[in-house]
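The structure appears below as structure tokens.
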Amino acid sequence: MIVKLIARFILTQSGIPLTDRGITARIHDRDPLSDDFLAESGLSDKGEAEWMFPISVAASLDSPAERRPGIYVELDKGGHVFFQSLVTADIDFFQRDPVSGEHRGRTLFLGTFQVDQPPLNPE
């Protein structure tokens, strides 16, 4: 199953969307031994990142049957990670609507994250 996650990033002091084209937003699954890289994205003019990936990439040697990953986001500029979110615990991509029985978790909004000003010239 392919899933889609969306997150929005705004600057802490001004509330303006973070739109720097030099920023890469990466999403990871937190695991006991080694975190799994899931996908990466740039930022839109609205400060949004969108990631699409097969849920199977969250499975690894330390969690081979994982179906409810703990997700976190990193923002990188020029090879320097300047923001890392808290872990969103156990996202259920297989949740079903109680009335229709359809999957509800294929597209999820992680929320809006407040970010300090990214570095101008990371080294």
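The values are calculated or read from the model by the stated rules, or taken from the named source; none is laboratory data. Not measured: the values here are computed from a predicted model. Neighbour counts run over all protein chains shown; Cβ positions are idealised from the backbone, glycine included.
In region 15-32, the residues that are closer than 14 Å to G70 by Cα form Cβ pairs under 6 Å with partners that are part of a loop (DSSP other than H, G, I, E, B), at six or more places apart or across chains, as follows: H28/D35; D29/P69; R30/V87; D31/D62; P32/D62. The residues in region 46-86 that are in a loop (DSSP other than H, G, I, E, B) and either modelled with pLDDT of 95 or more or farther than 12 Å from D35 by Cα (or both) can be counted, and the count is 11. Checked against (1) assigned to a loop (DSSP other than H, G, I, E, B); (2) at pLDDT 75 or above, D29 passes all but condition (1).
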